[in-house]
Amino acid sequence: MARVPLIPRSPLLLAGLMAAAGIAHFAAPAPFDGTVPRILPGSPRTWTRASGAVELALAAGLAAPRTRRLSAQATALFFIGVFPANIKMAYDWRDRPAPARALAYGRLPLQLPLYLWARTAGRPTAG
């Protein structure tokens, strides 16, 4: 009987997720601007564009077998790096209606499986 992993390992699926997120940062940047921690220098829009560009680069790296391992490691670090934005969003949305709060709070624990997914996406498949 084959063992079913608890965490998806598909690097192409993760690449698609990263590409979609990257495109969203350019297509509709305003919601992302609001999650940029105020401690960061410069314009929030600059950070939104930079993170969107990084997501697109990570997606490309995950899609290419030659760069997959390094890109998967970088993606895992990226998920750690954007966690403060998720904390800021949860804090800022604490007084919003319940569905919005649930979305903001739900992003926090979601970072762990995303991080673990990125860690495993760069590993060679068995068999």
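On inspection, LEU56 qualifies as free of Cβ contacts under 8 Å to residues at least 40 places away in the same chain, aliphatic (A, V, I, L, M) and surrounded by 12 or more Cβ atoms within 10 Å (Cβ to Cβ). How many residues are surrounded by fewer than 14 Cβ atoms within 10 Å (Cβ to Cβ) and either among the hydrophobic types (A, V, I, L, M, F, W, C) or over 14 Å from the mean Cα position of the chain (by Cα) (or both) when one looks only at the range 94-121? The number of residues fulfilling the criteria is 12. Any residue at all in the range 70-88 that is at pLDDT 95 or above, among the charged types (D, E, K, R) and either more than 15 Å from PRO31 (Cα to Cα) or part of a helix (DSSP H, G or I) (or both)? No, the conditions are met nowhere in the range 70-88. Only a single item in (1) of a type in the set (A, V, I, L, M); (2) in contact (Cβ under 8 Å) with a residue 12 or more places away in the chain; (3) out of contact with any Gly (no Cβ under 7 Å at 6 or more places or on another chain) is not met by ALA100, and it is number (2).
Taking the criterion of being farther than 19 Å from ALA59 by Cα and charged (D, E, K, R), the residues of the range 72-127 that qualify are LYS88, ASP92, ARG94, ASP95, ARG96, ARG101, ARG107. Candidates are the residues of the range 26-50 that are in a loop (DSSP other than H, G, I, E, B) and of a type in the set (A, V, I, L, M, F, W, C); the one that is nearest to the chain's Cα centre (by Cα) is VAL36.
Here the condition is being crowded, with 19+ Cβ neighbours inside 10 Å and part of a helix (DSSP H, G or I); of GLY22, GLY16, it holds for GLY22 alone.
Search the range 12-25 for residues that are within 18 Å of THR120 (Cα to Cα) and pair each with any residue that is surrounded by 14 or more Cβ atoms within 10 Å (Cβ to Cβ) and β-branched (Val, Ile, Thr) when their beta-carbon atoms are under 8 Å apart and the residues are at least 6 apart or on different chains. Going by the 8 Å Cβ cut-off, the qualifying pairs are LEU14/THR75; MET18/THR75.
Rundown of residues vs (1) buried (at least 17 other Cβ atoms within 10 Å of the Cβ); (2) closer than 17 Å to ALA15 by Cα, yes/no style:
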{"site": "ALA64", "(1), (2)": "no, yes"}
{"site": "ALA74", "(1), (2)": "yes, yes"}
{"site": "LEU77", "(1), (2)": "no, yes"}
{"site": "ASP92", "(1), (2)": "no, no"}
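If you go through the range 97-127 and keep only what is part of a loop (DSSP other than H, G, I, E, B) and either among the hydroxyl-bearing types (Ser, Thr, Tyr) or touching a His at 6+ places or on another chain (Cβ under 8 Å) (or both), you end up with just THR125.
The values are calculated or read from the model by the stated rules, or taken from the named source; none is laboratory data. Quick caveat, the model's predicted, so the values are computed rather than measured. Methodologically, a virtual Cβ is constructed for each residue, glycine included, from the backbone with ideal geometry; neighbour enumeration extends over all protein chains shown.
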